[in-house]
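As C-alpha cells, the structure follows; a few thoughts come after it.
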Amino acid sequence: MRNWQFSGVAAAVVLALSSNMAQAQDAAKAAPVVTALGQTQATASGQTNDAILARDAAKPDKSTLIATAALGGLEIYDLSGKRLRSTPAGEVASLAIAADQPLGNKRVNVVAAIDTTGNFLRLFTQNGGTLTEVGARQLPLGFAAEGICLFRNPLDSSLHAFIVGDGGEVDQQIIFAQGDKLDARPVRRISLPSPLKQCVTDSHGHVYASEEAVGIWRFNADAEADVSATLIDAPRLGHIKEEVAGLAVHDGGKDAQWLFASDANAGRINVYDRSDDGAYLGSFQVSAPGSSDKLIEEPGLLNASSQAVGAKFPKGVLLVNDEADANTKLVSLADIGKAIGRDPGTAPAATAAPASKVVAVSARVETRFAGSYGDAADDPAIWAHPTDPGKSLVIATDKKAGLYLYDMQGQVVQFLADGKMNNVDLREGYELGGQKVVLVTASNRTDKSIAIYRLDTEQRKLINVADGVQPTGLGDPYGLCMYRSAKNGDTYVFINGDDTRKRQWRLNATPAGKVRAELVRDMTFDSQTEGCVADDETGALYVNEEDVAMWKLSAEPDGGDAKTAIARVANLPAVKDDLEGLGIYHLGNGRGYIVVSSQGNDTYAVFRLEGEHEYVGSFAVVADPVRGIDGISETDGLEVTSRNLGPGFEHGAMVAQDGRNVMPVENQNYKYVSWEDIAKALKLEMR
C-alpha cells in the first residue's frame with residue numbers, strides 16, 4: 001500500500017509561531033484555573049485513558065459518559081459521575097461516538113473503540129446506559145493504535161474513522177452497515193514519523209492529530225481531497241512545553257471555533273482559534289470539583305460536547321482525562337470562556353447545516369489501476385458494442401506509458417506501450433481499406449504526434465493505422481477530441497498543446513489502408529485549454545479553457561474564431577478551476593446534456609445540450625464501501641455515452657479518470673458510473 005509520508009517534519013515546515021519556549025513556560029505559570037463542576041467515580045480497575053459523552057438529545061440531563069477502564073472494558077456513568085454499569089470490551093485505549101447513524105431500519109448512536117488486546121476496532125451501539133456490540137466481524141488494524149475519532153462526510157453522510165497509532169500511523173476507514181451489523185473498510189493511511197496520541201475532527205472537514213513530541217497537525221478528512229497538512233503548534237517553538245496529548249473541538253458558532261490541546265507537561269490545556277488558522281487564544285488549568293488547589297498535573301485525552309448538557313453545562317462540556325485519579329473531570333465551556341476572556345457562543349442546531357447542493361452517486365465498476373506511478377491515467381473513450389452491449393470496451397490513456405483497453409468489468413484486455421498518450425477519442429463508421437472501422441486517435445507526447453488506430457472489435461485490440469508519424473507541430477500535445485461533419489462526412493481531430501493553440505486536422509484514408517492527418521485550421525485561446533468534445537449532430541465544438549470558461553465554437557474547419565462562453569468559472573459557483581474533461585449524453589433530436597469535470601471541487605457540472613445550455617446541477621462520485629470502490633477526485637478526462645453498455649449500464653454511463661485512487665491507495669484508475677444513477681439523483685432524462 002502506498003502511504004502519504006511526512007518526513008523531516010520539524011525542519012520542513014515553516015511555522016508562524018509567536019512565542020518561544022520561555023514564553024510558553026511563563027504562560028503556563030500564569031494560566032488561570034478552571035474548577036471542574038463534576039467528576040466520575042474512579043474506575044473499578046483504577047485505570048482510565050479516555051471518556052466520551054453520549055448526549056441524550058431529548059433529555060440532555062439524562063446524558064451519560066462512557067469511559068475506558070483498562071482490562072475492565074468500558075464503564076458507563078451518569079452526569080453526577082455515578083457508575084451505572086460496565087461492558088466487557090477488552091482493553092480500550094480510546095473511544096469516539098457518532099450520533100444518529102442509520103443501521104437496519106433505525107437510527108442509532110455508534111461507539112467506536114480501540115481494543116489494544118489484539119489491536120482491532122470494535123463497534124457498538126449506545127442507548128442510554130446500554131452498549132451493544134454490532135461489529136459484523138473482527139476488524140484488525142495491523143498496528144499499535146492509540147486514539148480514534150469519527151467524521152461524517154457532509155456530502156453523502158458516510159461515517160469515517162481515523163485511528164492514530166504509536167508508529168505515527170493515521171489510518172482512515174469507512175464504517176458502513178451490513179444489514180443490522182456494522183463493518184469497516186480501509187480507505188487510506190497517512191504516516192508521520194513519531195507516535196500519535198489522539199485525533200479529533202470538525203464540521204469543516206478537518207482532522208487534527210497530536211504527534212506527541214512534534215505538535216498538532218491539521219489535514220483534510222476527505223480521502224478524495226489532497227492531504228494539505230499544516231502544523232498548528234509545536235513544542236519549544238510555540239505554546240507547547242514538551243508534548244501534546246489530548247485534543248478536542250468546540251463549535252460555538254461563527255466566532256467560537258475552538259481547538260483544545262493538552263499541554264500535558266505544563267499541566268495546562270491550550271485553546272486555539274480554528275477559524276483563524278489555529279491562532280493561539282490562551283490556556284487554562286483544571287482543578288478538581290470544590291478545590292481550586294487540587295490541579296490535574298498532566299491532563300490527558302480530551303473530548304467535548306458543544307451543546308447544552310443539563311443546568312451545569314449550558315454552553316457544553318469539556319471532558320478531561322485525569323490518569324492520576326483514574327477518572328474524568330467535567331469542565332464547563334462557559335467557565336473556560338470566562339477564564340480566557342472569550343465568549344463560547346452557542347452551538348448551531350443539529351439541523352442547521354444546509355443540505356449539499358451537490359448530489360452524490362457511486363461508481364459501479366472501477367478499472368485495474370494504471371501501471372505507472374503518480375499522475376498517469378488521464379482520459380477515456382467508450383465503444384458500445386452494437387449487438388452485445390456487455391462486450392463494450394473502454395480505451396484509456398496512461399500518459400506516462402501508452403493505451404489501455406478495458407472491458408466492462410474494468411479488466412485489462414490490451415495494453416500498448418506506444419508512448420505518453422494523454423487524451424483519446426474515437427469515431428465509428430470510418431471508411432478504411434474498403435470497410436467501416438472504429439477509428440481511434442490519441443495525443444502522443446513522446447514524439448509529439450497524433451497516434452491513429454483502428455479498433456478490431458472481434459479480436460478486441462487496437463491496431464496502428466497511422467501512415468507513419470503524424471506530427472502535431474505542438475511543443476507538448478495533450479488535449480484531444482474527434483468530430484465527424486454532417487456536412488461533408490469527413491472526420492477530424494482537434495489537439496491543443498501547452499500553449500494557447502488548438503489545431504484541427506482532417507483524417508484522410510490512404511489507398512494502402514493507412515490514415516494521414518492534414519492540418520486544416522488553427523485556433524487561439526487566451527490561456528491553457530485541454531478538455532474538448534464535438535457534437536457531430538449540431539456541428540458544435542465545446543472547449544474547456546481551464547481557468548476561464550467552457551466555450552462553444554463551430555467544429556467545421558471553416559468555422560472561424562467566434563466563440564460563446566457557456567459557463568465561466570468566475571460567474572458560476574458550482575464550478576471551480578480547473579475545468580477539465582467534457583462529455584455529451586445524447587437524447588436525440590439535438591437534445592441531451594454536457595458533463596464537465598470541475599476539478600477544483602471534485603464534482604461534475606451538467607448543462608443542457610440544447611437551447612441556452614442551462615446549468616441543471618452537479619454531482620460528485622463518492623465511495624461505495626460494500627462494493628469496495630472509492631469515489632472520484634481530481635478528474636482530468638471523462639467520457640459520456642447514452643448507448644447501452646450492458647448490465648448496470650443499460651442507459652449509458654460516464655467513465656472518468658480518478659486522480660486519487662484510495663480504498664486501498666493504489667495508482668490512478670478509471671471509474672464507471674451508471675447514467676441511470678446520475679439521472680435519478682439529478683432528475684434528468686435517460687435514453
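The values are calculated or read from the model by the stated rules, or taken from the named source; none is laboratory data. What you see is a predicted model; the values in this text were computed from it and never measured. Ideal geometry is used to build each Cβ from the backbone, glycine not excepted, and the neighbour counts take in all protein chains shown.
The figures follow:
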| quantity | calculated |
| --- | --- |
| Sole residue being under 23 Å from the mean Cα position of the chain (by Cα), over 23 Å from D156 (Cβ atoms), surrounded by fewer than 23 Cβ atoms within 10 Å (Cβ to Cβ) and assigned by TED's automatic domain parsing to the domain that holds D378, chosen from N589, N667, N601 | N667 |
| Counted residues, the stretch 57-77 - those being among the acidic types (D, E) and surrounded by fewer than 16 Cβ atoms within 10 Å (Cβ to Cβ) | 1 |
| Qualifying strands (runs of 3 or more DSSP E) (wholly inside the stretch 377-462; at least 2 residues being surrounded by fewer than 20 Cβ atoms within 10 Å (Cβ to Cβ) and acidic (D, E)) | 421-432 |
| Pair list, Cβ < 6 Å and 6+ apart or interchain, from the stretch 257-270 residues that are in a strand (DSSP E or B) to residues that are acidic (D, E) | N270/D263 |
| Residues (of a type in the set (G, A, S) and part of a loop (DSSP other than H, G, I, E, B)) located in the stretch 295-310 | G300, S306, A308, G310 |
| Where A353 falls short, out of the listed (1) part of a loop (DSSP other than H, G, I, E, B); (2) surrounded by fewer than 19 Cβ atoms within 10 Å (Cβ to Cβ); (3) at pLDDT 95 or above | (3) |
| Condition broken by K329, with the remaining ones in (1) touching a Gly at 6+ places or on another chain (Cβ under 9 Å); (2) modelled with pLDDT of 95 or more; (3) surrounded by fewer than 23 Cβ atoms within 10 Å (Cβ to Cβ) satisfied | (3) |
| Set T125, T116: member being in contact with a Ser or Thr (Cβ under 6 Å, 6 or more places away or on another chain) and at pLDDT 95 or above | T125 |
| Residue satisfying all of: in the stretch 138-147; in a loop (DSSP other than H, G, I, E, B) and more than 10 Å from L121 (Cα to Cα); farthest from the chain's Cα centre (by Cα) among these | A144 |
| L645 being at pLDDT 95 or above, in contact with a Gly (Cβ under 9 Å, 6 or more places away or on another chain) and surrounded by 20 or more Cβ atoms within 10 Å (Cβ to Cβ) | yes |
| Test: residue in the stretch 230-245 that is touching a residue at least 24 places away in the same chain (Cβ under 8 Å), over 17 Å from V34 (Cα atoms) and of a type in the set (S, T, Y) | yes |
| Those strands (runs of 3 or more DSSP E) lying entirely in the stretch 24-97 with at least 2 residues of a type in the set (V, I, T) | 33-35, 64-68 |
| Matching entry among V394, V413 (being touching a Pro at 6+ places or on another chain (Cβ under 7 Å) and not polar (S, T, N, Q)) | V394 |
| Test: residue in the stretch 672-684 that is assigned to a loop (DSSP other than H, G, I, E, B), farther than 25 Å from M482 by Cα and among the small types (G, A, S) | no |
| Residues satisfying the stated conditions in the stretch 281-294, i.e. in contact with a Leu (Cβ under 8 Å, 6 or more places away or on another chain) and in a strand (DSSP E or B) | Q285, V286, S287 |
| Of all residues making up the stretch 487-512, the number that are surrounded by 13 or more Cβ atoms within 10 Å (Cβ to Cβ) and within 20 Å of A534 (Cβ to Cβ) | 18 |
| V655 in the same structural domain as D375 (by TED's automatic domain parsing) and either aromatic (F, W, Y) or in contact with a Lys or Arg (Cβ under 8 Å, 6 or more places away or on another chain) (or both) | yes |
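Listed here are the residues, each with its yes/no results for (1) under 16 Å from L65 (Cα atoms); (2) free of Cβ contacts under 8 Å to residues at least 12 places away in the same chain; (3) in contact with a Phe, Trp or Tyr (Cβ under 8 Å, 6 or more places away or on another chain).
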site	(1), (2), (3)
F284	no, no, no
L295	no, no, no
L302	yes, no, yes
K312	yes, no, no
G341	no, no, no
